[in-house]
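What follows is one structure encoded as structure tokens, with my remarks underneath.
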Amino acid sequence: MMRTMKRLQLSLSLMMCCLLLGSTRATAQIQNPMLWADCPDPDVIRVDDTFYLVSTTMHLMPGAPVMASKDLKNWQTVGYIFDRLTDSPKYDLAFTLPLGTEERQGEGTVYGRGQWATSLKYHDGKFWALLAPNEGGAMGDTYIFTAPKAEGPWTIHSRLRHFHDATLFFDDDGTPYVFFGTGEMCQLTPDLKGVVEGSQRHYFHREDDERGLLEGTRVVKHQGTYYALLISHTYAPGRHRREVCYRTKDLNAKWEKNVVLESDFGGFSYLAQGTIVDTKEGDWYGIMFQDRGGVGRVLTLSPVRWIDGWPQLGDENGHVPDTMRPYRSGEPETHIVCADEFASSEMGLHWQWNHNPVDKAWSLTERPGFLRLKTSRVVPNLYLAPNTLTQRMEGPTCSGAVTLHVSRMKDGDCCGLAAFNGDSGVLTIKKKGSKLVLEMSEQKVSLTNRNKQVSNVEEKLVETVDLPSKLKTIHLKLTGDFQPTGRGGGRDAANFYYSLDGDTWTQVGTKDYRMVFDYRRFFMGTKFGIFCYATKKVGGYIDVDAFDYHRD
């Protein structure tokens with residue numbers, strides 16, 4: 001009876017989170033950030049009455065999420081451009097254990113690498129996506145994917161040389177181009193399978209005071225003029241991170257430059273990198289991301305005013321507004337982070353695995369209504385554990401709770417819930433012989449620069465709780481607080497709880513654990529992470545009854 005009641009409560013939460021409610025219509029203003037979650041490097045297009053957005057998710061699989069919205073307020077994930085990448089064992093978190101030694105030597109990982117800055121286009125009745133993993137050699141070759149619809153299925157159309165932070169662009173006559181790096185471009189062959197010989201060139205050269213890179217290129221054409229938008233990392237006196245725009249009426253002529261956005265916002269630093277998109281009525285919006293510490297890089301929405309032929313983003317003072325009216329009223333409420341009772345036979349699109357999953361080691365059908373996570377590989381730590389399941393965390397505050405059935409764990413097994421990042425706050429259930437213990441720890445991974453190999457995991461054990469010997473079910477919860485502090489950042493505080501009955505919660509471990517964003521390792525915001533791995537022998541498993549999620 002208790003489990004039935006919990007199911008009913010979670011079903012309501014899930015409906016509120018992911019599914020449209022017949023009586024719930026989104027009429028409120030858009031509160032910036034438009035998406036207060038980790039959605040970096042956005043590209044946005046409109047096809048008929050629907051806006052489509054892609055973002056970077058790097059080492060998470062499936063990758064290159066496609067999100068859709070009718071009103072620029074309510075977004076939901078509708079598909080992924082690829083299920084997994086297979087160019088290297090690094091995508092599998094593969095590692096070897098040399099015989100006769102305790103040293104574990106890895107092949108490497110793709111933490112902070114993998115898929116970057118996908119470009120999304122619609123041309124000739126098809127969707128097209130271009131992305132280049134941030135890797136050297138063949139692993140970094142550019143992919144071009146195509147699909148009949150944004151939801152997929154997507155197929156690989158071609159592989160080209162590496163193009164950094166590139167955008168695919170089709171001219172009015174269908175001629176394809178790639179704009180990339182700091183002011184470089186080239187023409188592609190009509191079949192998009194090669195580069196036209198001799199076409200690569202710089203279309204602008206950086207000014208003397210532009211000391212940093214100009215990257216994250218997005219190109220649109222409006223009223224016969226080409227516009228290339230790029231983020232500028234200039235830190236010259238009186239300047240900040242900003243979005244610049246180059247324009248020309250002739251791709252072979254000189255390009256002019258203008259600053260189109262230079263604005264801080266919401267108690268955080270200056271923002272840039274993104275694109276502009278039009279509506280059917282001819283209005284334009286700008287979507288740019290802002291670094292917000294532990295939660296990651298969030299998306300803001302701004303009006304676009306065309307002034308002297310330039311797309312100026314922001315309000316009349318050039319600032320990102322606190323609120324905006326939705327493009328269309330009355331749309332159902334949808335979200336990209338969702339509760340889940342695992343009632344489907346397919347994994348929800350709101351979930352992503354850390355690196356490629358081991359498919360045989362998870363199931364939604366072996367015990368219907370539960371997610372079964374099975375150990376499949378003996379590993380030394382969480383950062384090399386296969387099949388860690390993740391979702392974004394959201395601001396301003398959020399909480400996620402899991403119900404775990406742990407009676408089938410084996411000696412040495414570890415399972416639990418983490419605020420998962422390069423620095424992680426972790427709630428771990430450990431099987432030690434016939435005993436179960438709950439540990440709250442702070443874990444920090446070190447990665448080699450070249451191969452992102454896990455070279456060390458520093459673990460600080462904060463608190464241990466002995467659990468009942470015949471425990472079958474336990475509830476774990478963590479909360480995230482990303483509210484601005486007034487000092488140019490957010491609280492970035494996680495707190496951790498457990499419960500034996502699902503009603504009475506006990507806080508455990510570090511209070512206000514500090515979540516961090518580190519571009520040298522994961523290069524992404526903190527995620528909810530559900531995990532189960534073996535440190536001694538495989539064969540154990542847990543059943544995840546539910547993931548309950550709330551955002552305030």
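The values are calculated or read from the model by the stated rules, or taken from the named source; none is laboratory data. All figures in this text were calculated on a predicted structure; none of them were measured in a lab. Backbone-built Cβ (ideal geometry, glycine too); neighbour counts: all protein chains shown. SASA here: full protein model, heavy atoms, side chains in, ligands and nucleic acids out. Shrake-Rupley method; radii C 1.70, N 1.55, O 1.52, S 1.80 Å.
Below are the figures for this structure:
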| item | result |
| --- | --- |
| Between the range 136-150 and the range 475-526, the Cα center-to-center distance that results, in Å | 35 |
| Contour excess over end-to-end distance, with Cα ends at LYS221 and ARG305 and 0.36 nm allotted per residue | 28.7 nm |
| Environment charge at LYS410 (Cβ cut-off 9 Å; Lys +1, Arg +1, Asp -1, Glu -1) | +2 |
| Positive minus negative residues near GLY314 (Lys, Arg vs Asp, Glu; Cβ under 15 Å) | -4 |
| Where labels lie 7 Å past Cα in the beta-carbon direction, separation of ASP501 and GLN31 in nm | 3.3 |
| Selection from THR506, GLY293, ASN32 lying farthest towards where the dipole of the chain points positive, charges on Cβ | THR506 |
| Area of GLU256 that stays accessible when all protein chains are in place (1.4 Å probe, Å², to 10) | 100 |
| Positive-end extreme of charge dipole, the range 406-528 - chosen from ALA493, PRO468, GLY412 (charges on Cβ) | GLY412 |
| For HIS59, residues with placed amide H under 5 Å, excluding near neighbours | GLY112, ARG113 |
| 18 Å Cα-Cα reach of LYS249 towards lysines, excluding residues that sit fewer than 8 places from it in its own chain | LYS221, LYS257 |
| Whole-number D in µm²/s for the range 223-346 (Stokes-Einstein; Kirkwood sum over Cα pairs; 20 °C, 1.002 mPa s) | 129 |
| For Cα extents along the principal axes in Å, calculated from these coordinates, the label among (1) 69, 64, 44; (2) 75, 58, 47; (3) 80, 61, 41 | (2) |
| Principal-axis tilt of helix 2-18 within the chain, Cα atoms, nearest 10 degrees | 10 |
| Between the range 191-213 and the range 319-354, the alpha-carbon center distance in angstrom | 36 |
| Computed magnitude of the charge dipole of the chain (debye, nearest 20; Cβ of K, R +1, Cβ of D, E -1) | 1520 |
| Karplus 3J(HN,Hα) series, Hz, for the range 535-550 with 6.51 cos²θ - 1.76 cosθ + 1.60 (x for Gly, Pro) | 10, 10, 8, 8, x, x, 7, 10, 10, 8, 6, 6, 10, 9, 10, 9 |
| Alpha carbon Rg of the range 410-480, scaled by the compact-globule rule 2.2 N^0.38 Å | 1.26 |
| Dipole in debye (nearest 20) - the range 74-225, about Cα centre, beta carbon charges: Lys, Arg +1; Asp, Glu -1 | 320 |
| Cβ-based net charge around ARG206, under 12 Å, with every Lys or Arg adding one and every Asp or Glu removing one | -4 |
| Whole-number percent relative contact order across the chain, with pairs defined as alpha carbons under 8 Å at least 6 apart | 16 |
| Residues with amide H under 5 Å from that of ARG242, placed H, sequence gap 5 or more | SER232, THR234 |
| For the chain, with +1 on Lys and Arg beta carbons and -1 on Asp and Glu, the positive-most of LEU85, PRO176, SER363 along the dipole | SER363 |
| Mean accessible surface per residue for the range 348-486, computed with a 1.4 Å probe while every protein chain stays in place, in Å² | 36 |
